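The values are calculated or read from the model by the stated rules, or taken from the named source; none is laboratory data. Since the model is a prediction, treat every value here as computed from it, not as a measurement. Neighbour counts run over all protein chains shown; Cβ positions are idealised from the backbone, glycine included. Only protein heavy atoms, including side chains, enter the accessible area calculation; ligands, DNA and RNA are left aside. Shrake-Rupley method; radii C 1.70, N 1.55, O 1.52, S 1.80 Å.
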Amino acid sequence: MRFYLTTPIYYVNSTPTIGHAYTTTIGDMLVRHQRQRGADTFFLTGVDEHATKVWRVAEEQGLEPQEYADRIAVPWRELAPRMNAEVDFFLRTSDEGHKAFVREFLQRIYDNGDVYEDIYAGLYCVGCEAFKTEEELTPDGLCPDHLVPPEWIEEKNYFFRLSAYQDRLLALYDERPDLVLPDFRYNEARSFIAGGLRDFSISRAGQPWGIPLPWDESQVAYVWADALVNYVSALTYAHPGEDLRDRFWPVVHHLLAKDILRFHCVYWPAMLLAAGYEPPKQLFVHGYLLLDDRKISKSLGNAIDPLELTGVYGVDAVRYWMARAISFGHDGSASIDGVQERYENELANDLGNLLSRTTAMVVQYRDGSLRRGEATAPLDLSALGKDVADRLDRFDVTGALVAIWDGVRALNQYVTAEAPWQLAKDDANAAKLDGVLYNLVDGLTALAVALAAFLPETAPRILESLRQSADLGWERVRNGVAEEVDGIAAAKPLFPKIELPAATA
Ligand code: MSP
């Protein structure tokens, strides 16, 4: 079992936003989960430096592009650790290993006869870093995504013969109905291919910033022809002396949002075929996380960069909100105040209280000792584990979290229904009381393991409070996993009340 996941490599024309954090964080949940299932995993992210817009920002700031990129790469490198995302490698397209590999990769396409020279005369949107046709523009001639007029470019370029790959791409899509998920994105990509493909320029003549083409050093690789290749190049130099392609190509899953679907679902598989590589195993195209109000938080009373929410609520609360606030895969609008609401109602009340009540009752009625006792378990935890795993295999991140949360709520209902405080009144119920307390600890143990990919700080704290093993192996999501232990103490609140800073606005 091998699982290689990538995020897009982000443009460094400005600093990271909550939107970039969203893809990286959800990617981390998927990878952590597969690791819990025993997969050999690799998680790649990084930055895309050779864009025209990056070069222009550097110029505006009076810096050499490389110097500018070196400076701004710092906050980008910190993005994953800030979200507690464990990446295996952070790639920069200015890495020597990447640059050398891109040249070799493009040379292979050239040698296969899929590159030719022509004059490009047409429109280019620097925001998209993409060539545009008239039909793609608004009636006023603007780029529909950036609402700015594209620039006219006329230069000698090298073109990739994408049109020659139409039939092979259609055959690939027909053979592999799960190549692109969700289904509606598969259909979107397939109909784009079926509608006919135009060759695209893979070089830029008028820009000095980029990777020179091996067969004509007067031109640099077009930024997408450089950036997409990162998904393979990283494997050749991330671990010096080791070629990770043997382990992780083509078992790759690309995670991206819908803005860059064509590049990933159409251009990239064709480029791989042209260079003699297998196409990726799967691409998952998610929607946009739109914030109803980008900066102002009602509960915090002032402007806040959404990324700073981690400083107020902790990383796990923001991770939880990302997975839960909008249905992963679809567009959705979320509010910053949703973090506060979910923190109080779901994290503190549903989960935090369940742990507090459970441990408090084990202390009060059993002096901290857990015994198996005799009571029917309220949840089929193996079935829950299978459901969650199946959902995460399909990238149904929100559905998986909801399924776990249904388990949390079911345990809370179990407490109410079994009323341990009543059972404790009569010694004749001793075995039943033990059993009920055991089922609560057992359920919480299994649910903590299931939650570990989403809440990597909280899950180990739950296991520790219950004096259960820290092992996060997925086989532990089952009934009867909890050990009989002594010395359970009343747990401190998992999600304490937040003292909100006084409003300044
Ligand atoms: N550099 C290219 C990608 C090259 S990959 C070979 C690029 N960079 S980007 O900085 O614009 O990043 C776009 C990606 O950032 C989206 O596809 C998505 O993964 C993520 N997102 C940025 N804002 C987002 C939201 N508001 N919501 C969801 N995802 C967001 O395109």
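The residue pairs whose first member lies in the range 83-108 and is acidic (D, E), whose second member is open to solvent by less than 10 Å² (accessible area, probe 1.4 Å), and whose beta carbons are closer than 6 Å, counting only pairs six or more residues apart or on different chains, are D88/F42; D88/F43.
Evaluate the range 158-171: report whether one residue or more is under 29 Å from T41 (Cβ atoms) and within 28 Å of the chain's Cα centre (by Cα). Within the range 158-171, one or more residues are under 29 Å from T41 (Cβ atoms) and within 28 Å of the chain's Cα centre (by Cα).
From V54, V31, V47, which residue is open to solvent by less than 10 Å² (accessible area, probe 1.4 Å) and more than 16 Å from S94 (Cα to Cα)?
On the way: V54 fails: more than 16 Å from S94 (Cα to Cα); V47 fails: more than 16 Å from S94 (Cα to Cα).
Of V54, V31, V47, the one residue that is open to solvent by less than 10 Å² (accessible area, probe 1.4 Å) and more than 16 Å from S94 (Cα to Cα) is V31.
In the range 326-377, how many residues are outside any helix (DSSP H, G or I) and either surrounded by fewer than 19 Cβ atoms within 10 Å (Cβ to Cβ) or without any contact (Cβ under 8 Å) to a residue 40 or more places away in the chain (or both)?
Of all residues in the range 326-377, those outside any helix (DSSP H, G or I) come to 326-336, 367-377.
Pick out the ones that are also either surrounded by fewer than 19 Cβ atoms within 10 Å (Cβ to Cβ) or without any contact (Cβ under 8 Å) to a residue 40 or more places away in the chain (or both) and you get 327, 330-333, 335, 367-369, 371-374, 376-377.
Number of matching residues: 15.
Across the range 262-274, which residue is nearest to the ligand (Cβ to nearest atom) among those that are open to solvent by less than 10 Å² (accessible area, probe 1.4 Å) and farther than 13 Å from T7 by Cα? Here the answer is W268.
Please specify each residue of the range 471-489 satisfying the condition of being open to solvent by 70 Å² or more (accessible area, probe 1.4 Å) and assigned to a loop (DSSP other than H, G, I, E, B). Full working, then the answer.
Quick first cut of the range 471-489, residues open to solvent by 70 Å² or more (accessible area, probe 1.4 Å) only: 471, 475, 478, 483-484, 486.
Passing the criteria: D471, R478, E483, E484, D486.
Close contacts from the range 469-484, counting a first residue that is in the same structural domain as A377 (by TED's automatic domain parsing) and a second that is among the acidic types (D, E), with Cβ to Cβ under 9 Å and a gap of 6+ residues or different chains, come to S469/E483; A470/E464; N479/D380; N479/D442; G480/D442; V481/D442; V481/E475; A482/D442.
Against the conditions (1) within 16 Å of the ligand (Cβ to nearest atom); (2) small (G, A, S); (3) crowded, with 23+ Cβ neighbours inside 10 Å, S203 satisfies every one except (1).
When we screen L170, L142, L147 for residues that are of a type in the set (A, V, I, L, M) and in contact (Cβ under 8 Å) with a residue 24 or more places away in the chain, the only hit is L170. In the range 218-230, the residues that are of a type in the set (F, W, Y) reach residues that are more than 9 Å from the ligand (Cβ to nearest atom) with C-beta atoms within less than 7 angstrom, at least six apart or across chains, in these pairs: Y222/S201; Y222/I202; Y222/S203; Y222/R204; W224/Y267.
Residues of the range 8-48 that are more than 9 Å from the ligand (Cβ to nearest atom) and charged (D, E, K, R): D28, R32, R35, R37, D40. The C-beta contact set for the range 397-425 (first residue closer than 23 Å to I26 by Cβ, second residue of a type in the set (F, W, Y), distance under 8 angstrom, 6+ apart or interchain) comprises V397/F328; T398/F328; L401/Y320; L401/F454; I404/F454. For the range 225-277, a residue qualifies if it is among the β-branched types (V, I, T) and within 24 Å of H20 (Cβ to Cβ), and the qualifying residues are V229, V232, V252, I260, V266.
Residues checked against (1) in the same structural domain as T7 (by TED's automatic domain parsing); (2) open to solvent by 20 Å² or more (accessible area, probe 1.4 Å); (3) closer than 30 Å to R391 by Cα:
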residue: Y120; (1), (2), (3): yes, yes, no
residue: C125; (1), (2), (3): yes, no, no
residue: D145; (1), (2), (3): yes, yes, no
residue: L172; (1), (2), (3): yes, no, yes
residue: R185; (1), (2), (3): yes, yes, yes
residue: D216; (1), (2), (3): yes, yes, no
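Note on the range 78-114: residues that are out of contact with any helix residue (DSSP H, G or I) (no Cβ under 8 Å at 6 or more places or on another chain), surrounded by 15 or more Cβ atoms within 10 Å (Cβ to Cβ) and either modelled with pLDDT under 95 or among the charged types (D, E, K, R) (or both) amount to 3. Name the residues in the range 221-243 that are of a type in the set (A, V, I, L, M, F, W, C) and either surrounded by fewer than 21 Cβ atoms within 10 Å (Cβ to Cβ) or within 15 Å of T45 (Cα to Cα) (or both), would you? Answer for the range 221-243, where residues must be of a type in the set (A, V, I, L, M, F, W, C) and either surrounded by fewer than 21 Cβ atoms within 10 Å (Cβ to Cβ) or within 15 Å of T45 (Cα to Cα) (or both): A227, L228, V229, V232, A234, L235, A238.
A Cβ distance below 7 Å, combined with a sequence gap of six or more or placement on separate chains, defines the contacts here; from the range 26-52, residues that are part of a strand (DSSP E or B) reach residues that are small (G, A, S) and surrounded by fewer than 21 Cβ atoms within 10 Å (Cβ to Cβ) in the pairs V47/A73. No other residue among D199, D167, D140 is at pLDDT below 95, over 30 Å from V397 (Cα atoms) and not β-branched (V, I, T) apart from D140.
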